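The values are calculated or read from the model by the stated rules, or taken from the named source; none is laboratory data. Keep in mind the model is a prediction, meaning the values are calculated, not measured. Don't worry about glycine lacking a Cβ; one is built from the backbone with ideal geometry, like all the others, and counts go over all protein chains shown. Ligands, DNA and RNA are excluded from the accessible area calculation, which covers all protein heavy atoms including side chains. Shrake-Rupley method; radii C 1.70, N 1.55, O 1.52, S 1.80 Å.
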Amino acid sequence: DKDSESVLRILSPYVHKGYAVEIANPRSLAVSEVAKRMRESGIESVEAGNLSAALDAAKADSDAPVVVCGSLFLAAEALVETRSLKPGRFDPSENLKGFLI
C-alpha cells in the first residue's frame, strides 16, 4: 500500500543492483513483485533468498556502500543481521551512533 514505484524511480540513478528479499510482514509484497518493480524502474534486480544472503551478495558484488530500503521491519532485520542492534526489544540507551533513525 506504499508508493514503491516513485521511491524506486528516485533511487534508480544511484543504485547499482537491487536485492529483493522476503520479510516477516503479511502486508509486504512478494519478492517477485519487488524485483519486477525494481526492473521497471531501471534497477537491475536479484531475488535473494533472505536478507543475510542479499547482504552477503551486495557486499561481494561491489565496494559501494550497501543501503537497505523498504519497511521499518526490513531496516530492523538489517540492524540485527549486521549486529548493529541486538535482537529483541529496542533499548534507547544503546549506542546507535552513525545510524539515521
For the stretch 18-31, indicate whether the set of residues that are without any contact (Cβ under 8 Å) to a residue 24 or more places away in the chain, part of a loop (DSSP other than H, G, I, E, B) and either of a type in the set (S, T, Y) or within 22 Å of K2 (Cα to Cα) (or both) is non-empty. yes
Cβ-Cβ distance below 8 Å, separation of 6 or more or different chains: which pairs start in the stretch 68-81 with a residue that is touching a residue at least 40 places away in the same chain (Cβ under 8 Å) and end on one that is open to solvent by less than 70 Å² (accessible area, probe 1.4 Å) and outside any loop (DSSP other than H, G, I, E, B)? C69/L11; L74/L51; E77/L51
Do we have K2 as open to solvent by 70 Å² or more (accessible area, probe 1.4 Å) and either of a type in the set (F, W, Y) or assigned to a helix (DSSP H, G or I) (or both) here? no
Quick count over the stretch 39-85, residues being charged (D, E, K, R), in a helix (DSSP H, G or I) and either over 19 Å from S4 (Cα atoms) or at pLDDT below 85 (or both), is 5
Condition (residue is touching a residue at least 60 places away in the same chain (Cβ under 8 Å) and at negative phi) applied to the stretch 41-51: is it met by at least one residue? no
Find the residue count for the stretch 13-34, including only residues that are more than 19 Å from A75 (Cβ to Cβ) and open to solvent by less than 30 Å² (accessible area, probe 1.4 Å). 0
Lone unmet requirement of (1) surrounded by 14 or more Cβ atoms within 10 Å (Cβ to Cβ); (2) outside any loop (DSSP other than H, G, I, E, B) for I10: (1)
Please enumerate the residues belonging to the stretch 52-66 that are touching a residue at least 40 places away in the same chain (Cβ under 8 Å) and either open to solvent by 40 Å² or more (accessible area, probe 1.4 Å) or of a type in the set (D, E, K, R) (or both). D61, A64
